[in-house]
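Working notes, structure below.
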Amino acid sequence: MPVSMEAARAGASAARRIAPWLAAEAANEAAARRIARLWPAPHSGFRALDTARRAAVVLASADARFGGLDRVDAETWSLRRLIDATLADPPAGLVEAFRKLDPGPWRHGYLAAILAILRDAGQGAKVVRHARAIDAMLVRVLGVLPDDLRRPRIVQLIEVVETAHLLRRGAEAVARSGPLPRVAERLERARSVEGLFRMLIAEIGLERLAPPPIPGAAWLRPLASIPQLKDAALRFENCLVGRIPVLLAQMAAYYEVIGDEPAIVEIVRSSVGLWQVGEVRGHANAPISLALWTRVRDHLQVHGAMVKRGEAAHGLAAALAAAAGW
């Protein structure tokens, strides 16, 4: 009898002890204790479970109903039966998703995120169902993106969560002026992450990311959008499109002179923040007259020539330009 009592006390003590790694995986202390009741410290049996079953146990242990499960059932039932018995209304695809999890321990927060995505049954659920493998980064990326952008062809281009955050910021800028689903359909055509962000820049519009710092005039038209830049580059046979990164950095701006002496005007920001005349060239980079150069310079001076950069817009523009490989 004394031996039995001692063994019982030892078992109770083991059940009360929870390894730090188990506490980190479980949803909370109560969930960790439910797992420890089935697999007492050092929890070797729990660690020996395959990844899918271990994930199912971690997710289900957050529910009080898990307390009615015994160890034999938890270790021998099929994965589907285990999930059906311990989760309320498990969504379609959850069992398959758990079988695609990267090997190793999974924390409850990531598993709960997968559950929520599948229950939402939106674009994110399609990504989870179509993924060949599911790792923590994929779950984090899906957690950042709005559902309209949770499309397999978009998500497969995103390797780090910082990229997803930037894409979300850009999408929020687009959503203020038009429907995001339409934009997402276009972004699906991108074949690289750089192409993805170049498309996004075009959707937001240079005129919003880098608005003209100096107002135009009847004879001086700001080139404030990618279509305008492309059109001017074709007509003037120059490399204006290649200047988009500088424009996004708000270190230069471009205008077209309309009249008897057509030309492209570049104004550049000096080291002290002043806008000053840069290159002014005619068709195929031909030189222009001194009179036109003077007219452009005088126009800048009339408008103060000192224009402060819009920091909020500049921060997004610069980040998008870098992500686009510019």
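All of the numbers you see were taken from the coordinates with simple rules; none came from a lab. Computed from a predicted model, the values in this text were never measured in an experiment. Cβ: placed from backbone, ideal geometry, glycine included. Neighbour counts: every protein chain shown.
What does the helix-only formula give at 222 nm for the chain: each DSSP H stretch with n ≥ 4 adding -39500 (n - 2.57), the total divided by the residues, and the result rounded to the nearest 500 deg cm²/dmol?
That comes out to -15500 deg cm²/dmol.
Calculate the length of the line joining the C-alpha centroid of region 77-124 to that of region 146-222, in whole Å.
Here the answer is 32 Å between Cα centres.
Return the long-range amide H neighbours of Leu220 (sequence gap of 5 or more, or a different chain), with a cut-off of under 5 Å between placed amide H atoms.
Hits under the 5 Å cutoff: Ile258.
Are there trypsin sites (Lys or Arg not before Pro) in region 153-202 that DSSP marks as loop and that have at most 15 other Cβ atoms within 10 Å, and which are they?
Counting only loop positions with at most 15 other Cβ atoms within 10 Å, the trypsin sites (Lys or Arg not before Pro) in region 153-202 are Arg176, Arg189, Arg191.
Rank Ser270, Ala60, Ala232 by how far each Cα sits towards the positive end of the charge dipole of the chain (+1 on Lys, Arg Cβ; -1 on Asp, Glu Cβ) and give me just the farthest.
Value computed over the given set: Ala60.
If you fit an axis through the alpha-carbon atoms of helix 51-60 and take the longest principal axis of the Cα set of the chain, what angle between them do you get, 0 to 90°, nearest 10?
Helix 51-60 and the main axis of the chain meet at about 80 degrees.
Please work out the C-alpha center-to-center distance from region 266-284 to region 225-260 and express it in whole Å.
12
Under a Cβ-only charge scheme (Lys and Arg +1, Asp and Glu -1), can you give me the dipole magnitude of region 208-309 about the Cα centre, in debye to the nearest 20?
420
Using only alpha carbon pairs under 8 Å that are at least six residues apart, calculate the relative contact order of region 190-326 and give it in whole percent.
The normalised contact order for region 190-326 reaches 28 percent.
Rounded to the nearest 20 Debye, what is the dipole magnitude of the chain about its Cα centre when Lys and Arg each give +1 and Asp and Glu each give -1 at the C-beta?
780
Of the DSSP beta bridges with both residues in the chain, give the percent that are antiparallel, rounding to the nearest 5.
Percentage antiparallel, nearest 5: 95.
What ranking do Val72, Val183, Val277 get, fewest neighbouring Cβ atoms within 10 angstrom at the top?
Ordered from fewest to most neighbouring Cβ atoms within 10 Å, Val72, Val183, Val277 come out as Val72, Val277, Val183.
Please sort 109-121, 84-96 by packing, taking for each peptide the average over its residues of neighbouring beta carbons within 10 angstrom, highest first.
109-121, 84-96
Of Pro181, Ala36, Pro20, which is farthest on the positive side of the dipole of the chain, counting Cα position, with +1 on Lys and Arg Cβ, -1 on Asp and Glu Cβ, and the Cα centre as origin?
Ala36
Could you please rank Asp148, Asp70, placing first whichever residue has the fewest other Cβ atoms within 10 Å of its Cβ?
Asp70, Asp148
Going by alpha carbons, how many degrees (0 to 90, nearest 10) lie between the helix axis of 226-236 and the longest principal axis of the chain?
With both axes taken from Cα atoms, the answer is about 40 degrees.
What angle, in degrees between 0 and 90 and rounded to the nearest 10, separates the Cα long axis of helix 311-323 from the longest principal axis of the Cα atoms of the chain?
Once rounded, the angle reads 80 degrees.
Compute the projected area of the convex hull of the Cα atoms of region 2-144, averaged over all viewing directions, and report it in nm² to one decimal place.
So the mean shadow area of the Cα hull is 8.6 nm².
Only Lys, Arg, Asp and Glu count, each charged at its Cβ (+1, +1, -1, -1), so figure out the dipole size of region 2-144 about its Cα centre, rounded to 20 debye.
120
Give me the net charge of Val277's neighbourhood, meaning all other residues with Cβ under 13 Å from the Cβ of Val277; Lys, Arg count +1, Asp, Glu -1.
So the surrounding residues net to +1.
Given Leu220, Ala131, Leu166, which one lies farthest toward the positive end of the charge dipole of the chain, if we put +1 on the Cβ of every Lys and Arg and -1 on the Cβ of every Asp and Glu?
Looking along the dipole axis, the top candidate is Ala131.
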